[in-house]
Amino acid sequence: MSMKQQLLKKIQSRKAVVGIVGLGYVGLPLMLRFSEVGFRVIGFDIDPAKVKALNAGKSYIEHIRAEHIARARKAGFEATADFSRAGEADALILCVPTPLNKYREPDLSFIVATIESLVPHLRKGQVVSLESTTYPGTTDEEVKPRIEARGLEVGEDIFLVFSPEREDPGNPDFTTRTIPKVCGGVTPACQEVGVALYGAVIDRVVQVSSTRAAEMTKLLENIHRAVNIGLVNEMKIVADRMGIDIHEVIRAAATKPFGFVPYYPGPGLGGHCIPIDPFYLTWKAREYGVHTRFIELAGEVNASMPDYVVAKVAAALNEQEKAIKASRILVLGIAYKRNVDDMRESPSVVLMEKLRALGAAVDYSDPHIPVFPRLREHKFDLKSVALTAKSLASYDCVLLATDHARFDYDMIRRHAKLIVDSRGKYLEADAHIVKA
Ligand SMILES: NC(=O)c1ccc[n+]([C@@H]2O[C@H](COP(=O)([O-])OP(=O)(O)OC[C@H]3O[C@@H](n4cnc5c(N)ncnc54)[C@H](O)[C@@H]3O)[C@@H](O)[C@H]2O)c1
């Protein structure tokens, strides 16, 4: 039997051992799904705290329940920081971060570090899948040569695919199983193995002809969002000047049964994906002499939104004969989007920084984030303020930045002196509510 046939057989019989490398927002749900279906899963992560928590059956992500981790543990899942165990896995799925560096260029150091720590332990008969969002060519140019340098032939000894993660954290309508998964292999044999692997746990695997096409698919999805969010943010500014409520307009437009997809304006872009991924393509496109104007323009509009919101806060306070300086401002919601505890790239933090720099005394309230965490670039020594009639009334301005469902919007309306709403939560006009 060829390597490929042996591996396919192991996958079909669920005897294959699955290694998930990088146990974060992407890796953990995938681990749970493989475990649930009956595969033995080994999780690899360089963060010893995560390894320890998982082995104790604990979760460190709010929307992933500890009991699910504990159930996976009982089913044989274990986490480790020991990459020499990579040889035990028949499949290795890489879910490590792909941020931008300080020049806003792709930072592939996590992918490169991961593949370099795995390579010495690779063996014939394994499938390697990269899931991290990245520019077209990464699998071919960065992963494949490092594997081949070990003397393993891709497509014969090792099967290599790119299969982008799609996740909408906090959205209960979709699960890892029901979100169709795109997969592209380096060779047809790689593709066959990749499709079998994901087909074992996901209802629908969408095949594309190459790893580059799979990499580009993910970027198109995220660029589509970034550009359309940029568009509605610009529309919001125009509508505001014209005295029109953009949210009313979007709701009306969304009744069109074809050809329109609603996107919602906000205080800026957040999260690990939408503000970052488009610039992976921008960077790579330069190699081909192409300038990605839509991406740059959307980036410019989206990045300017916190300043727009701050200007609205200043104008609203001005109406009350106050300045931002020395005002007490409470920011509601510091996660980057509603109902999650993820603060990566959160525009709320940018707003807090800007308001503090202008002399405001800034506090925050977020039911998902009780203590302001230690972040590399931002330092706030704060705890989430409990929302009561008294606490709300003590602030000069309450700035709604992230519209968590857990906020009591009626109470906020009744007791805040001034509300600046950057999420279109308060649709009815009210003298003390300003739309931003
Ligand atoms: N979060 C999402 O909703 C989402 C959705 C789609 C795609 N993605 C993409 O998926 C990738 C992972 O994102 P995430 O949100 O899961 O990130 P994350 O930061 O939550 O998790 C990454 C994990 O990788 C670990 N890690 C870092 N370097 C490592 C190494 N050398 N070896 C092993 N583990 C290592 C980290 O400790 C961390 O636990 C990124 O490329 C991201 O763009 C994320």
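The values are calculated or read from the model by the stated rules, or taken from the named source; none is laboratory data. It should be emphasised that the depicted structure is a prediction, and the values quoted were computed from it without experimental measurement. Here the Cβ is made from the backbone with ideal geometry for all residues, glycine too, and neighbour counts use every protein chain on show.
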Restricting attention to the range 376-415, the residues that are under 27 Å from the mean Cα position of the chain (by Cα), among the charged types (D, E, K, R) and farther than 26 Å from Ala326 by Cβ number exactly 4
Picked from the range 1-19 (must be surrounded by 21 or more Cβ atoms within 10 Å (Cβ to Cβ) and not in a helix (DSSP H, G or I)), the residue nearest to the ligand (Cβ to nearest atom) is Gly19
Any residue in the range 315-329 that is touching a residue at least 12 places away in the same chain (Cβ under 8 Å), crowded, with 19+ Cβ neighbours inside 10 Å, under 28 Å from Pro169 (Cα atoms) and of a type outside the set (Phe, Trp, Tyr)? no
Margin query: Tell me whether the range 95-108 contains one or more residues that are under 30 Å from Ser2 (Cβ atoms), within 10 Å of the ligand (Cβ to nearest atom), in a loop (DSSP other than H, G, I, E, B) and out of contact with any Phe, Trp or Tyr (no Cβ under 6 Å at 6 or more places or on another chain).
Written below: yes
- Task: Confirm whether Gly359 is at pLDDT 95 or above, under 26 Å from the mean Cα position of the chain (by Cα) and at positive phi.
- Result: no
Taking the range 106-140 and keeping only residues that are among the acidic types (Asp, Glu) and surrounded by 14 or more Cβ atoms within 10 Å (Cβ to Cβ), one is left with Asp107, Glu131, Asp140
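Yes or no, residue by residue, for (1) in a loop (DSSP other than H, G, I, E, B); (2) among the hydrophobic types (A, V, I, L, M, F, W, C); (3) in contact with a strand residue (DSSP E or B) (Cβ under 9 Å, 6 or more places away or on another chain):
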| site | (1), (2), (3) |
| --- | --- |
| Arg338 | yes, no, no |
| Lys354 | no, no, no |
| Val362 | no, yes, yes |
| Leu375 | yes, yes, no |
| His378 | yes, no, no |
| Leu392 | no, yes, yes |
| Thr402 | yes, no, yes |
| Arg413 | no, no, yes |
Note: among Arg65, Arg73, just one is more than 10 Å from the ligand (Cβ to nearest atom) and at pLDDT below 95, namely Arg65
**Request:** For the range 165-180, state whether one or more residues are within 18 Å of Thr98 (Cβ to Cβ), away from the ligand (no atom under 11 Å from the Cβ) and assigned to a loop (DSSP other than H, G, I, E, B).
**Result:** no
A careful count of residues in the range 249-278 that are touching a residue at least 40 places away in the same chain (Cβ under 8 Å), away from the ligand (no atom under 12 Å from the Cβ) and of a type outside the set (A, V, I, L, M) gives 5
Only one of (1) surrounded by 17 or more Cβ atoms within 10 Å (Cβ to Cβ); (2) assigned to a helix (DSSP H, G or I); (3) out of contact with any Ser or Thr (no Cβ under 8 Å at 6 or more places or on another chain) does not apply to Ala49, and that is (1)
Exercise for the section: Would you check if there is a residue in the range 141-155 being crowded, with 19+ Cβ neighbours inside 10 Å, within 28 Å of Asp342 (Cα to Cα) and at pLDDT 95 or above? Expected result: no
Subset of the range 284-325, residues in a loop (DSSP other than H, G, I, E, B), closer than 25 Å to Leu351 by Cα and in contact with a helix residue (DSSP H, G or I) (Cβ under 8 Å, 6 or more places away or on another chain), comes to Ala323, Ile324
Looking across the range 20-43 at residues that are small (Gly, Ala, Ser) and touching a helix residue (DSSP H, G or I) at 6+ places or on another chain (Cβ under 6 Å), the single one that is surrounded by the fewest Cβ atoms within 10 Å (Cβ to Cβ) is Ser35
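For the structure I just gave you, tell me whether Ala79 is assigned to a helix (DSSP H, G or I) and either away from the ligand (no atom under 15 Å from the Cβ) or surrounded by 15 or more Cβ atoms within 10 Å (Cβ to Cβ) (or both).
no
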For the structure I just gave you, tell me whether Tyr288 is of a type in the set (Phe, Trp, Tyr), modelled with pLDDT of 95 or more and over 14 Å from Arg225 (Cα atoms). yes
Going through the range 109-154 in order, the residues found to be in contact with an Asp or Glu (Cβ under 9 Å, 6 or more places away or on another chain), of a type outside the set (A, V, I, L, M), assigned to a helix (DSSP H, G or I) and within 12 Å of the ligand (Cβ to nearest atom) are Thr138
